[in-house]
Amino acid sequence: MNLQSNDFEILGLAPSFGLDAEELSRRWKALQAQVHPDRFVASSAVEKRVAMQWSVRINEAYQRLREPLERAAYLCELHGISLGEEDNTAMPPAFLMQQLEWREALDDANTLAELKALQAEVQQFQQSLFDQAAHALDAQQDYAVAAQHVRALMFLARFLQAVQVRLRVLADATESDMPVR
């Protein structure tokens, strides 16, 4: 193993979207126990630096693989499919229409109940997309299709953050009895 190994190799896991979260955590903890810089306090400067590099690299791998969206994007990239988030914004027309409807619903929502209903709808759609991405990645090994799902999931993640912000604003306004907007 070397610092240039991919995240799955670093953590000793098969490259798969469907990871066992507990196994991932166990492997991360076991590796960190071996290389944590605190174990090298009395070592040479070189050994300390190497331990720090390994610790950082293991943490990076763990952080990327524990997040399903990041793991899916990483798997696509490992198989030569760039997500091209900056320049590839092409989405199926039906998904674009759905985005517009959700944006309008977010803009029009004036109650916590409306926002929570919108959030639940989008989360349900998000779970469906995760299931489709998992199937494309693990069962079909069709990374181009998976990348399309990942790009849509990235939009949904950003949109759900906007919903969360709006929920906090509305909850704060409701508590202080102030008008929203």
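Going from the residue with the fewest nearby Cβ atoms within 10 Å to the one with the most, Arg158, Arg39, Arg103 rank Arg158, Arg103, Arg39.
Both the radius of gyration and Dmax for segment 7-66 are 12.5, 40 Å, in that order, over alpha-carbon atoms.
Structure remark: mean-square fluctuation, Gaussian network model of the chain, C-alpha springs under 10 Å; the largest value among Val35, Val169, Val46 belongs to Val46. Fewest-first ordering of Met97, Met91 by other beta carbons within 10 Å of each residue's beta carbon gives Met97, Met91. Angle check, please: helix 112-134 long axis (alpha carbons) against the longest principal axis of the chain (alpha carbons), in degrees 0 to 90, nearest 10. It works out to around 50 degrees. Between 0 and 90 degrees, the angle of helix 93-108 with respect to the longest Cα principal axis of the chain falls at about 70 degrees. Every helix of 4 or more DSSP H residues in the chain counts as -39500 (n - 2.57), and over all residues that averages to -23500 deg cm²/dmol at 222 nm. Arranged from fewest to most other beta-carbon atoms within 10 Å of their beta carbon, Glu104, Glu121 become Glu104, Glu121. Against the chain, whose longest principal axis comes from its Cα atoms, helix 45-66 is set at around 30 degrees.
Each reported figure results from applying straightforward, stated rules to the coordinates on display, with no laboratory input. Note that the structure is predicted; figures quoted are calculated from it, not measured. For neighbour counting, all protein chains shown are included, and Cβ atoms are generated from backbone atoms with ideal geometry for every residue, glycine included.
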